[in-house]
Amino acid sequence: MPGSLPVLRSPGSRALFFAGVAVTAAIVFWAQSLRLDGLSVSFFVLFAHMDKPAAVCALLTLIIGAFVSDKSGAVPRWFGAHPVPVAVSAGVLLAAGSLLVYENHPLSMDEYAAYFQSQVFAHGHLTAQFPTALLDWLIPEGFQNRFFAVSRSTGEVVSAYWPSFSLLLTPFTLLGIPWACNPTLSALTLLVIHRLAVRLFQSEESAGLAVLLTAASPVFFANGISYYSMPAHLLVNSVYALLLLQSTPRGALLAGIAGSIGLTLHNPVPHLLFALPWLIWTATRPQGTRLLGWLALGYTPLCVLLGIGWFWLTKDLEHAAGALGDAAAQVSGLHDVARVFSLPSAAILLVRSIGLAKIWVWAVPGLMILAAAGAWKWRRHSACLTLAAAALLTLAGYYFVPADQGHGWGYRYFHSAWVALPLLAAGVFARCADEPSPAGFFEDIDTRSLIIGCALVTLLLGVGFRVIQIREFMSFDQQQVPAYAGTERRVIFIDPGFTFYGQDLVQNDPLLKNNAIRMITHGPKADADLMRAQFPQMHRVYKDRFGTVWSQAD
């Protein structure tokens with residue numbers, strides 16, 4: 001009987017175990033019965049066909065975790081005492097994962113757009129330059145002025161996303177190691193989470209537990225090896241909270257600078273939702289008006305340059321053909337911003353419910369329950385309450401964004417506030433010197449031992465299972481390119497009709513310096529006409545169901 005296990009002797013540990021089993025089992029059955037209606041294909045596939053077996057793995061993790069005992073708290077104490085070696089080790093493992101698991105390949109347009117722009121910056125340019133006659137082949141029409149701002153009159157192209165993440169990527173791109181960016185940001189995040197936990201709970205052991213729960217959660221690994229901007233959002237928002245805890249003009253100024261980077265990483269919504277409770281908290285503190293002034297001073301320069309400036313640049317490119325005047329272009333741009341938000345539909349309610357399930361499945365089992373318990377325990381502690389409010393506002397705010405996330409590991413729309421989960425969960429077992437609280441339902445040694453056991457098992461079993469899943473998914477994606485073995489200068493036409501999101505594989509150097517130029521097919525005749533006009537020296541040398549290859553080879 002589970003109740004006879006040493007780890008499950010307390011009511012709290014038994015409640016966490018059985019609640020975890022019940023929630024995880026419910027997700028398995030839900031994913032099994034889910035239908036595509038109202039969901040994007042990628043979002044449906046990743047949940048129904050990847051998260052379902054991962055939920056089964058989480059069930060196994062709970063069971064094995066009940067046998068793993070660390071009643072002394074030795075593991076969290078070690079993590080808490082050695083944050084730098086833990087962070088460096090995590091960074092090295094994530095970098096290896098970027099190459100060996102993720103194959104150094106931007107999977108989706110959300111990833112590729114930022115990487116593309118970092119290549120533009122690394123070339124010393126502000127915009128890419130494509131031949132105007134090739135625009136519709138080099139950038140699928142559905143991606144134009146959605147993922148990329150395109151000038152049809154000049155051939156200039158930039159990422160439609162705001163550029164701070166691309167700027168963070170640029171030094172790594174210049175060094176030829178763009179795959180190392182997110183592992184580096186993730187390693188730094190572990191150090192910041194450690195520092196945040198020490199500041200909040202004044203306990204090295206609680207800090208170690210927060211770091212362990214973060215490093216062990218598969219979502220931290222998956223985003224850390226990817227090209228998504230999510231690790232940057234997580235790091236910047238964590239730094240933002242840490243700086244505001246100082247309640248000094250210098251801390252507020254630096255928080256504003258960090259916040260301006262967060263606002264302009266790719267779009268402003270993730271940071272806006274996370275920051276609003278912290279702004280309110282800062283305003284209500286002693287000398288709050290002064291601190292807000294320093295915050296505003298920190299926010300202003302980069303928000304003007306990288307936010308407003310980039311917005312104007314993309315709109316100028318989109319309307320460079322003169323179809324709209326400047327005033328009309330600005331009105332159009334404001335209309336685009338307004339369309340980001342709408343009242344939640346039934347489909348969005350379903351999508352956001354799946355998002356909650358994805359948070360559960362991609363974390364250490366039981367983490368969400370303990371985070372809720374930690375938020376309740378520290379509800380009178382203003383900083384912890386603000387952290388919980390930032391997480392809840394991020395969850396609630398995306399109910400008014402009329403889109404599912406498409407591709408992505410875990411629930412991407414919540415990742416900017418994900419830091420709240422390991423911190424508040426670790427807070428369950430903490431005693432804060434300036435505000436002691438009575439023991440709660442989950443605050444016993446057995447419950448702590450159970451969550452540590454689940455974290456250690458997840459670190460091996462859960463992350464290992466996701467390694468296999470992601471590796472297979474990435475390999476499958478790249479196998480959808482025509483299997484031509486030549487290495488000479490060539491043009492590859494990709495047919496999305498026989499692929500899973502094959503249009504996302506149309507990825508090129510921004511100055512077309514890559515040896516293989518990828519294009520989206522417009523049909524055999526249109527492709528042949530284009531090649532005769534633009535590449536008359538090339539002829540078709542290969543064809544399979546994924547597309548054709550043209551080169552000068554015999």
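The values are calculated or read from the model by the stated rules, or taken from the named source; none is laboratory data. The structure displayed is predicted, hence computed values, not measured ones. Cβ: placed from backbone, ideal geometry, glycine included. Neighbour counts: every protein chain shown.
Hey, could you check the stretch 390-408 for residues that are closer than 16 Å to Ser342 by Cα and in contact with a Ser or Thr (Cβ under 6 Å, 6 or more places away or on another chain) and say which is surrounded by the fewest Cβ atoms within 10 Å (Cβ to Cβ)?
My answer is Pro402.
Out of the residues in the stretch 61-100 meeting the condition of being in a helix (DSSP H, G or I) and among the aromatic types (Phe, Trp, Tyr), tell me which one is surrounded by the fewest Cβ atoms within 10 Å (Cβ to Cβ).
Ranking the qualifying residues of the stretch 61-100, first place goes to Trp78.
Provide a single number: the residues in the stretch 513-544 that are within 19 Å of Asp495 (Cα to Cα), surrounded by fewer than 13 Cβ atoms within 10 Å (Cβ to Cβ) and among the small types (Gly, Ala, Ser).
Of the residues in the stretch 513-544, 1 are within 19 Å of Asp495 (Cα to Cα), surrounded by fewer than 13 Cβ atoms within 10 Å (Cβ to Cβ) and among the small types (Gly, Ala, Ser).
Here are some residues: Asp70, Asp51. Which one is at pLDDT 95 or above and acidic (Asp, Glu)?
Sole residue among the options that is at pLDDT 95 or above and acidic (Asp, Glu): Asp51.
Would you point out which residue out of Ser159, Ser217, Ser203, Ser186 is within 26 Å of Ile470 (Cβ to Cβ), out of contact with any Pro (no Cβ under 6 Å at 6 or more places or on another chain), surrounded by 20 or more Cβ atoms within 10 Å (Cβ to Cβ) and assigned by TED's automatic domain parsing to the domain that holds Ala90?
Matching residue, one of Ser159, Ser217, Ser203, Ser186: Ser217.
Determine, yes or no, whether Gln507 is part of a loop (DSSP other than H, G, I, E, B) and either surrounded by 13 or more Cβ atoms within 10 Å (Cβ to Cβ) or touching a Ser or Thr at 6+ places or on another chain (Cβ under 6 Å) (or both).
Considered against the rule, which asks whether it is part of a loop (DSSP other than H, G, I, E, B) and either surrounded by 13 or more Cβ atoms within 10 Å (Cβ to Cβ) or touching a Ser or Thr at 6+ places or on another chain (Cβ under 6 Å) (or both), Gln507 comes out as yes.
Is it true that Leu126 is in contact (Cβ under 8 Å) with a residue 40 or more places away in the chain and either in contact with a Lys or Arg (Cβ under 6 Å, 6 or more places away or on another chain) or in a loop (DSSP other than H, G, I, E, B) (or both)?
Judged against the criteria, Leu126 is a match.
So in the stretch 101-118, with the set limited to residues that are small (Gly, Ala, Ser) and within 12 Å of Phe147 (Cβ to Cβ), which one is surrounded by the most Cβ atoms within 10 Å (Cβ to Cβ)?
Looking at residues that are small (Gly, Ala, Ser) and within 12 Å of Phe147 (Cβ to Cβ), I get Ala114.
How many of the residues in the stretch 439-486 are in a helix (DSSP H, G or I) and either free of Cβ contacts under 8 Å to residues at least 60 places away in the same chain or hydroxyl-bearing (Ser, Thr, Tyr) (or both)?
So the answer is 9.
Take the conditions touching a residue at least 60 places away in the same chain (Cβ under 8 Å) and crowded, with 17+ Cβ neighbours inside 10 Å and apply them to Gly547. Does it pass?
yes
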